[in-house]
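Trainee: Provided herewith is a single structure, encoded as structure tokens, for subsequent inquiry.
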Amino acid sequence: MNMSCKTILVWFRKDLRIHDNEILTEAVRKGDFIIPVYCFDPRQFEITPHNTLKTGFFRAEFLLQSVADLRQSFRNAGGDLIIRQGKPEEILPELVSQYDVHEVYHHREVASEETGVSALVEDALWKQKINLRHFIGHTLYHKEDLPFPIHSIPDVFTSFRKKVERDGMVRPCFEDPGPMKFPDNLEGGSMPSLSDLGFAQTEPADERSAMKFKGGETEALKRLKEYFWEKHAVKNYKQTRNGLIGADYSTKFSAWIAMGCLSPREVYWEIKNYEKLNGAGDSTYSLYLELLWRDYFRFMFKKYGNKFFQKTGLNGKVPEEAENQKELFELWKNGETGVPFIDANMRELNATGFMSNRGRQNVASFLVKDLKVNWKWGAAYFEEKLIDYCPANNWGNWAYIAGVGNDPRVDRHFNILKQAADYDPHGDYVRLWIPELSQLNDHYVHQPWKLSEVERAEYQLKSYTDCPCYLQSIKTPEN
């Protein structure tokens, strides 16, 4: 390679897209050649201290699909995506030497494990006198455009929202990088399989899944277009967003955003384009607020760091815990608490890797407030199972529900039966995920313990309704 040419290595992590990607656009603009790289870091597939997987089956499958789609984009552009299995701090310096790289670009993360890997990479590259250049590209608002420094961000979301809406600004999306030049001798490497990542076998998709998620920028942009412009589902988002069944009650963008196949800024400007043609309303504003909540938790992680991973959270208090919490936790995670609305949601999560926002709030509240189980166990279980997991959203929301996060109401507590009646009034969702209750009428489907002994025997429900946990669910305040 001509030594006068500038070669930039683009290290992809949670930014698996070509569009609105500053590190790629900048690398193409400033470099003569680019070398795109993705590393399957074995630490992302380890067992956590909570005895859960860092990455479960459904997210691993989605990740593989997303990386494969990104590779195809680079191949279509005349190059390739270098794929390696191993630690980035070992792999990237080797590639720097092999391809005479002048600089490495990547997007900065906020959670400690991810920032720790960046620091290791930076140290390793520094020994080669190579700069690791950091970019900020995971949020809707750039931190430099906020009306306050990170350390002064309000600890209550409403205060944050009002100031940001008044004084903040969302930058335009970055232009597509245009023609890309790659070295002639790129050694792309092979894609790992699920078994290479530690998963014994593929699992057939559950036909009841709210949506058939497939990873990748191609599918993300397809879903964006479908949701806004083909189905106009955004028009009714506020009315449908607490739904439980089907693809279009919510956007389902979260998995693609979490993996970086879709940028929150892209969604924001799609909202603005839709409003220009169809008018603004409560629904488009409600969708914007979901993007803002996501930003908020990321900025809170930047402000408070590892406090979100501690049982005491931000306020130094430990929520009450039951003596038999290990037993109760097993029932909760297996969807066997005996409370149909909780169990249906947990069974959907286990079978598909997805759960509605309404379901997440309810199962989290029930675990922490009713069963009095360590909230961190629930957060770690979600980390393994969720297809759309990201650290700030997951741990921030769990701390919020547990009363140790960004919530002025530390006693937030959901009445599960009221929630079930409000959001699954005819029991359709429960019947979908708990077939053994499918024959019950609306009156009993959420409270099968009210059946007589004769009725229980008739419906063969004795083992389900005898579970000891359910009585606690009817002692909660209304919410």
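Trainee: Checking the structure you have, find out if any residue of segment 412-427 is among the acidic types (D, E), in the same structural domain as N441 (by TED's automatic domain parsing) and not in a helix (DSSP H, G or I).
Mentor: Initial filter on segment 412-427 (among the acidic types (D, E)): 422, 424.
With in the same structural domain as N441 (by TED's automatic domain parsing) added as a condition, the list becomes 422, 424.
Checking which are not in a helix (DSSP H, G or I) leaves us with 424.
Yes.
Trainee: May I pose another question? Those residues that are acidic (D, E) and modelled with pLDDT under 95, I need them from segment 108-130; list them, please. Steps first, answer last, please.
Mentor: Looking only at segment 108-130, we keep the residues that are acidic (D, E), and these are 109, 113-114, 122-123.
Matches in segment 108-130: E109, E113, E114.
Trainee: Please find, among Y141, Y105, Y99, the residue that is at pLDDT 95 or above and within 29 Å of I401 (Cβ to Cβ).
Mentor: Y141
Trainee: Let me ask something else about it. Return a yes/no flag: does segment 405-426 have any residue that is at pLDDT 95 or above and aromatic (F, W, Y).
Mentor: Yes, because at least one residue in segment 405-426 is at pLDDT 95 or above and aromatic (F, W, Y).
Trainee: I need the full set of residues from segment 163-175 which are under 25 Å from the mean Cα position of the chain (by Cα), farther than 29 Å from L63 by Cβ and exposed (fewer than 15 other Cβ atoms within 10 Å of the Cβ), in order please. It would help to see each step written out before you state the result.
Mentor: Restricting attention to segment 163-175, the residues satisfying the condition of being under 25 Å from the mean Cα position of the chain (by Cα) are 164-165, 168-174.
With farther than 29 Å from L63 by Cβ added as a condition, the list becomes 164-165, 168-169.
Those that are under 25 Å from the mean Cα position of the chain (by Cα), farther than 29 Å from L63 by Cβ and exposed (fewer than 15 other Cβ atoms within 10 Å of the Cβ): E165, M169.
Trainee: Taking the options D388, D407, name whichever one is under 21 Å from the mean Cα position of the chain (by Cα) and either part of a helix (DSSP H, G or I) or without any contact (Cβ under 8 Å) to a residue 24 or more places away in the chain (or both).
Mentor: On the way: D388 fails: either part of a helix (DSSP H, G or I) or without any contact (Cβ under 8 Å) to a residue 24 or more places away in the chain (or both).
Of the residues listed, the single one that is under 21 Å from the mean Cα position of the chain (by Cα) and either part of a helix (DSSP H, G or I) or without any contact (Cβ under 8 Å) to a residue 24 or more places away in the chain (or both) is D407.
Trainee: Still on this structure: Check N362, N350, N374 and return the single one that is modelled with pLDDT of 95 or more and more than 19 Å from the chain's Cα centre (by Cα).
Mentor: Just a single option satisfies the conditions, and that option is N374.
Trainee: Where the second residue is among the hydroxyl-bearing types (S, T, Y) and assigned to a helix (DSSP H, G or I) and the first is without any contact (Cβ under 8 Å) to a residue 24 or more places away in the chain and lies in segment 104-116, which pairs have Cβ atoms under 6 Å and are six or more apart or on separate chains?
Mentor: none
Trainee: Okay, next question. Conditions: (1) crowded, with 22+ Cβ neighbours inside 10 Å; (2) in contact with a Cys (Cβ under 9 Å, 6 or more places away or on another chain); (3) over 22 Å from R241 (Cα atoms). G338 meets all but one. Number of the miss?
Mentor: (1)
Trainee: Pull up segment 193-225, narrow it to residues that are of a type outside the set (A, V, I, L, M, F, W, C) and not in a loop (DSSP other than H, G, I, E, B), then point me to the one that is surrounded by the most Cβ atoms within 10 Å (Cβ to Cβ).
Mentor: Here the answer is E217.
Trainee: Only one of (1) touching a Phe, Trp or Tyr at 6+ places or on another chain (Cβ under 7 Å); (2) within 25 Å of P391 (Cα to Cα); (3) crowded, with 19+ Cβ neighbours inside 10 Å; (4) of a type outside the set (G, A, S) is not met by V234, so which one is it?
Mentor: The single condition V234 does not satisfy is (2).
Trainee: Assess whether V170 counts as being at pLDDT 95 or above, assigned to a loop (DSSP other than H, G, I, E, B) and among the β-branched types (V, I, T). Give the steps one after another, and end with the answer.
Mentor: Details: at pLDDT 95 or above: yes; assigned to a loop (DSSP other than H, G, I, E, B): yes; among the β-branched types (V, I, T): yes.
Considered against the rule, which asks whether it is at pLDDT 95 or above, assigned to a loop (DSSP other than H, G, I, E, B) and among the β-branched types (V, I, T), V170 comes out as yes.
Trainee: Right, next: Just to be sure I understand the filter: pairs with C-beta atoms under 6 Å, separated by 6 or more residues or on different chains, first member in segment 341-353 and under 19 Å from L53 (Cβ atoms), second member surrounded by fewer than 21 Cβ atoms within 10 Å (Cβ to Cβ) and not hydroxyl-bearing (S, T, Y). Which pairs pass?
Mentor: What qualifies is A351/D206; T352/D206.
Trainee: Further, regarding this structure: Looking for whichever is assigned to a loop (DSSP other than H, G, I, E, B) and either surrounded by fewer than 14 Cβ atoms within 10 Å (Cβ to Cβ) or among the β-branched types (V, I, T) (or both) here; the options are G137, G178, G189. Which one fits?
Mentor: Among G137, G178, G189, only G178 is assigned to a loop (DSSP other than H, G, I, E, B) and either surrounded by fewer than 14 Cβ atoms within 10 Å (Cβ to Cβ) or among the β-branched types (V, I, T) (or both).
The values are calculated or read from the model by the stated rules, or taken from the named source; none is laboratory data. In this text, all values refer to a predicted model and were calculated from it rather than measured experimentally. All Cβ positions, even for glycine, are placed from backbone atoms using ideal geometry, and neighbour counts span all protein chains on display.
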